[in-house]
Amino acid sequence: MSNTNRRAFTLIELLVVIAIIAILAAILFPVFAQAKSAAKKTSSISNIKQQALAVIMYAGDYDDVNVIYTSYSASGAGVAYNGGATPVQPWSWLVLPYEKNADIHQDPQAPPLEPWPAAFGGTIPKAYQPQYGYNYTYLSPPYGAANDPIFTTTSQTSVAAPAETVMLSAKWSTAEDNFANATTIVWYGAPRGLIINYGVDSPHCTTIPQWCFGNWGSNSGNFVFTLGSNTKIAAGVRTGGNSLRHGQQHVVAWLDGHVTGMAPGRLAAGTNWGMEVAANTVVVTDESRYLWDEK
């Protein structure tokens, strides 16, 4: 017979092992979460970079003009709104031939889109409900009546400082706005009012208040999100619809095609913006530092 003594773990030893495992888990889980967040930020940067290059390629094929914010041409339109009477093609649909993949219009750190009927397929909802917004107030400014806007466009090479001019920015998701119908683009007016789902507001958007839908500041006049809401800061409730999902930073593509992450204070440089500054009082204080139009 063997004389080997078999000794079991004592209760104290088991508790010590459990405590060590719990401590290691407490240390490692936040690290894993940070790594996951960093991976999603990298993916988002890749997405917006591809979209910026698509906009640049589009301009190369169309006599140097930036893609229009919204076209009402029936030719090639994926969806018609306003009771099916108005064909609409947002910038995100117009550049799709240069991308071949509508998935890049969805931010991996944003809430998923509200579901569309299966008949629309997968491409149309993603291209028509992008989670990256266009700097429309400068690159494709609207004119005319609020219920019948005329969108113009601009020349890429006419911009004095393309590396310091915003082209695109990660934005809110349809799951975060105040509207229940995901298959209806939000219209401002009729019969073909400003479509607000494709852009982000500039900090000084109050210069053309009939077109502003997000606003920077303490949210006055905002009709995309709940007025005064502090629960949607990440969605962009106080930063003109520019989301703050990536480590409290915006993911921004510039007109020359490069991409950066920026704190909101930097993205609003050259203005008096602050989280508590009323939206209708945000003004440009230093045009040389302002990043949303020509220097």
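Every read-out reported here was derived from the displayed coordinates using simple, explicitly stated rules and does not represent laboratory data. Quick caveat: nothing in here was measured; it's all calculated off a predicted structure. Positions of Cβ are backbone-derived with ideal geometry, glycine not excepted, and every protein chain shown enters the neighbour counts.
Observations
- 3J(HN,Hα) couplings calculated from phi for segment 107-120 with the Karplus curve 6.51 cos²θ - 1.76 cosθ + 1.60 (θ = phi - 60°) are, in sequence order, 7, x, 9, 8, x, x, 4, 5, x, 9, x, 4, 4, 7 Hz; Gly and Pro show x.
- Relative packing of 92-100, 137-145, which averages over residues the other C-beta atoms within 10 Å, highest first: 92-100, 137-145
- A cut-off of 5 Å between modelled amide H atoms, ignoring neighbours fewer than 5 places along the same chain, links S218 with V277, A278, A279.
- 5 angstrom amide H check on H250, placed H, neighbours 5+ away: M262, A263
- Comparing Cα centroids, segment 252-271 and segment 93-172 end up 17 angstrom apart.
- Taking amide H as placed 1.01 Å from N in the peptide plane, the amide H of E114 sits under 5 Å from that of T174, A175, each at least 5 places away or on another chain.
- Simple spin-label estimate for T157 and R289 gives 3.3 nm between the two label positions (7 Å along the Cα-to-Cβ direction from each Cα).
- Hz values of 3J(HN,Hα) by residue in segment 70-75 - Karplus curve (6.51, -1.76, 1.60), Gly and Pro given as x: 8, 9, 9, 6, 6, 6
- Summing charges over neighbours of A127, with a neighbour being any other residue whose Cβ is under 11 Å away from its Cβ, gives -1 when K and R count +1 and D and E count -1.
- Stretch gain in nm, segment L11-D64, where the contour uses 0.36 nm per residue and the Cα spacing is subtracted: 11.6 nm
- Rounded to the nearest Hz, the phi-derived 3J(HN,Hα) couplings of segment 235-249 under the Karplus curve 6.51 cos²θ - 1.76 cosθ + 1.60 (θ = phi - 60°) are 6, x, 4, 10, 10, x, x, 6, 6, 10, 8, 9, x, 6, 10, where x marks glycine and proline.
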